[in-house]
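A.B. asks: Provided herewith is a single structure, encoded as structure tokens, for subsequent inquiry.
No value in this document is a laboratory result; all are computed from the given coordinates. Note that this is a predicted model, so its numbers are computed, not measured. In this analysis, Cβ positions are derived from the backbone assuming ideal geometry, glycine residues included, and neighbour counts consider all displayed protein chains.
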Amino acid sequence: MRSSEPALASVLAALIVASCGPPGEGSGDGGPGDRVEVACDLGTTVPEGTFQPLEDAERVELVLGFQGFLFVVVSAQAEWPAGAPVEVSTSLTLEGGEPFGGTQRASMRAAGSEVSVTEDINVFFASSNIAEYRDRDAVVGLRLTGATWYCVTTASVRLVDDDPCIHTGETPVCPDGGT
């Protein structure tokens, strides 16, 4: 990991936390200040359906999807039992760039008695120009917010484009006619 990446990850985590309100002592009315912080990891869901944590500097595939949207697919594992869907704030910061992201809802499934995993989360890019992002270092961050808990997780990744297919649904459209 480069020496600038830990600082970037800290800034990113601060931005995610700031965008969703401060945790900590609350008024007791169930507001954001009453949520407890739990541990979580950023990763992916492998084809067998199991969660695989992302290690820093791991390669993450750029996906060209429906109507030209460009995104990466990640998931998170939280030390909290599965329950209602959570709000997910996403953030992606290219090395030397400004963070961008959005929010979405995600379902959680049980991955143990006190552990749950999100469904796939798409982190969308500002443009669909793959060349602008290919082979660049980035920090991906997620903040999951449940009714009574929250967590923040980040990972430094390398954005790659090894898959030539366009993912428009269940079956990808590939230039060679294959899958």
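A.B. asks: What order, most packed first, do the peptides 52-63, 88-99 have when packing is the mean number of other Cβ atoms within 10 Å of each residue?
C.D. replies: Top of the packing list down: 88-99, 52-63.
A.B. asks: Hey, another quick one. Just want to confirm a number: the relative contact order over the stretch 77-139, from Cα pairs under 8 angstrom separated by 6+ residues, in percent.
C.D. replies: The value is 38 percent.
A.B. asks: Looking at the stretch 59-163, which chymotrypsin sites (Phe, Trp or Tyr not before Pro) are in a loop (DSSP not H, G, I, E or B) and have at most 16 other Cβ atoms within 10 Å?
C.D. replies: On the way: sites: Phe66, Phe69, Phe71, Phe100, Phe124, Phe125, Tyr133, Trp149, Tyr150; in loops: Phe69, Phe125.
Taking the stretch 59-163 and a limit of 16 other Cβ atoms within 10 Å, the loop chymotrypsin sites (Phe, Trp or Tyr not before Pro) found are Phe69.
A.B. asks: Now a separate question. How much length, in nm to one decimal, is gained on full extension between Ser113 and Asp162, taken as 0.36 nm per residue of separation minus their Cα-Cα distance?
C.D. replies: Length gained, Ser113 through Asp162: 14.0 nm.
A.B. asks: Using θ = phi - 60° and the Karplus relation 6.51 cos²θ - 1.76 cosθ + 1.60, list the HN-Hα couplings for the stretch 39-45 in order, rounded to whole Hz, with x at every Gly or Pro.
C.D. replies: 7, 8, 10, 8, x, 9, 9
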